[in-house]
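All of the numbers you see were taken from the coordinates with simple rules; none came from a lab. Quick caveat, the model's predicted, so the values are computed rather than measured. Cβ placement follows ideal geometry from the backbone for every residue including glycine, while neighbour counts extend to all protein chains displayed.
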Amino acid sequence: MRLREKVALVTGGGSGIGAAVCRRFAREGAFVVVADVDRAAAERVASEIKERGGRALSLGVDVRDRAEVEEMVKRVEEECGGLHILINNAGITRDNLAVRMTEGDWDLVVEVNLKGTFLCSQAAFRPMRRQRYGKIVNTASVAVRGNLGQANYSASKAGIIGLTRTLALEFARAGICVNCIAPGFIETPMTAGLPEKVKEEALRRIPLGRFGKPEEVAELHLFLASPESDYITGQVFFIDGGASIGI
Ligand SMILES: NC(=O)c1ccc[n+]([C@@H]2O[C@H](COP(=O)([O-])OP(=O)(O)OC[C@H]3O[C@@H](n4cnc5c(N)ncnc54)[C@H](O)[C@@H]3O)[C@@H](O)[C@H]2O)c1
């Protein structure tokens, strides 16, 4: 069991990649906090983990809201006795060409993806520093290279890389590692609704010739959350079937 005695908080844990991370971490002995703006989804994942003999707690949170984020971390400390791992996974898209993108859609995506990652990391710092141990894993995307119709999303995810590197510098002396994963096309509810033409085009650009699965991404999260990666910080890991190499 690679995460025994560890408390792991996963934002956006109610669906897709986040849910796969929650299940994987629970199997490694972690006490998993499934946090999501969709409370019912978070509760479903937590219940499933508990039915299988794991330890889990579900919490409703909007990562854009500082008060809610601070309350979440307080409850995690009180109910789980600490916080060792933070997976900043909550994220959304609101795609449109830049010329047609509304200010509201720009703000929403940047607030959830980038500000949410900042607020949760800031709140997790105190308990992690007290333990002199912490692992933070942020979530970027291959879209950081630029992607048609994703000015807001691509900018928010590129911002997360700058944030990761800076937090890694600032948190290192407290014993906290901060890294980032950048998934390619992963089969989750986020990508399920994309038009067939967009999916075909995405598939054409993947050297390994298939989409990724949430469970495959969760294995990278597990590595970056476990002691095996204790000498790695400030790094970005692409998990995309080779899509970021270019064809
Ligand atoms: N699926 C992909 O192909 C892909 C590729 C690259 C990056 N990503 C990133 O991976 C992460 C997970 O994506 P996914 O595909 O599993 O998506 P998903 O839509 O299946 O899950 C996202 C979860 O985040 C939650 N969420 C949304 N806004 C929130 C908020 N304000 N506060 C708290 N929770 C909130 C949602 O309720 C949902 O449960 C995201 O950051 C996404 O940008 C996904």
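More than 14 Å from the chain's Cα centre (by Cα), assigned to a helix (DSSP H, G or I) and hydrophobic (A, V, I, L, M, F, W, C): is that true of residue 222 in this structure? Judged against the criteria, residue 222 is not a match. Counting only residues that are in contact (Cβ under 8 Å) with a residue 12 or more places away in the chain and near the ligand (Cβ under 10 Å from one of its atoms), how many does segment 151-200 have? Here the count works out to 15.
Taking the numbered list (1) free of Cβ contacts under 8 Å to residues at least 24 places away in the same chain; (2) under 14 Å from residue 116 (Cα atoms) in turn, residue 73 passes all entries but (1). Of the set (1) crowded, with 16+ Cβ neighbours inside 10 Å; (2) within 28 Å of residue 67 (Cα to Cα); (3) within 13 Å of the ligand (Cβ to nearest atom), all apply to residue 211 but (2). Residue check: is residue 219 in contact with a helix residue (DSSP H, G or I) (Cβ under 8 Å, 6 or more places away or on another chain) and either surrounded by fewer than 18 Cβ atoms within 10 Å (Cβ to Cβ) or hydroxyl-bearing (Ser, Thr, Tyr) (or both)? Taking the combined requirement at face value, the residue satisfies it. Restricting attention to segment 164-208, the residues being surrounded by fewer than 21 Cβ atoms within 10 Å (Cβ to Cβ) and either farther than 13 Å from residue 241 by Cα or charged (D, E, K, R) (or both) number 26.
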